[in-house]
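The values are calculated or read from the model by the stated rules, or taken from the named source; none is laboratory data. What you are looking at is a predicted structure, and each value in this text was computed from that prediction instead of being measured. FYI the Cβ positions are ideal-geometry reconstructions off the backbone, even for glycines, and counts take in every protein chain you see.
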Amino acid sequence: MKELGKLHQLIINVMGYDIAFNLEVIIMTWMVMAVLIFFGIAASKKRALLPGPVQVLGELFVSLLYQLTVDALDEEMAKTYGPLTIALFMFLLLSNWFGIIPHLEEPTKDLNTPLSLGLMGFFIAHYAGIRAKGIGAYLKEYGQPIFFMAPLNVIGEMAKVVSISFRLFGNIMGGAIIILVVSYLTYSILLPPFLYFFFGCFVGTIQAFVFTMLTIVYISVQVK
């Protein structure tokens with residue numbers, strides 16, 4: 001189980017305090033972003049009425065996820081938050097799939113990644129709520145149904161960040177632990193390749209979709 005506890009860290013001293021950066025997560029995240037940027041360029045560089053396979057795949061992602069955003073919000077707001085839905089899902093999907101490739105790790109296996117994305121969705125949702133309702137109406141909702149429920153409503157909103165982040169982290173990390181345990185028991189002969197495919201492709205895809213849809217639902221709740 002040493003693989004789970006092994007960390008390659010960059011430690012920087014700032015004003016007497018040591019700040020540690022997980023180099024593996026940073027590199028994997030940069031690799032995911034590089035692949036997505038390359039895919040975006042390849043899908044849009046030679047657009048044609050008779051599209052090639054890369055353009056078809058890109059248009060499939062965009063059209064399906066954009067329509068889901070329209071269903072959750074509306075046509076006008078989808079123009080603002082549709083790109084967020086598409087980018088977030090594709091980033092999480094590729095991040096979760098990275099674990100299938102030998103010697104690569106999922107950035108989402110580190111709690112900092114899903115927690116950062118959860119906080120990002122939290123601030124975007126509440127910013128959208130303030131823009132849609134105004135600061136007065138937005139703050140008034142925290143006093144519903146009775147004004148002294150405000151602290152519980154604030155805690156409930158913060159709990160959404162914990163829920164969405166730890167759900168993704170728990171599923172990805174749990175899959176990695178199961179694969180390691182089974183690999184030691186079977187000497188990586190039979191089950192591990194199947195488990196890599198199951199947790200990487202199937203569970204990874206489901207968790208990317210759930211995280212993305214919950215983020216859009218949180219935005220929808222705030223603006224309506």
Pick from ASN13, ASN22: which is surrounded by 13 or more Cβ atoms within 10 Å (Cβ to Cβ) and at pLDDT below 90?
ASN22
Counting only residues that are of a type in the set (A, V, I, L, M) and more than 19 Å from PRO83 (Cβ to Cβ), which one in segment 42-53 is surrounded by the most Cβ atoms within 10 Å (Cβ to Cβ)?
ALA48
Residue count, segment 84-122, condition among the small types (Gly, Ala, Ser), over 19 Å from LEU57 (Cα atoms) and in contact (Cβ under 8 Å) with a residue 40 or more places away in the chain, comes to 3
Checking PRO192 against (1) at pLDDT below 80; (2) within 17 Å of PHE211 (Cα to Cα), the condition it does not meet
(2)
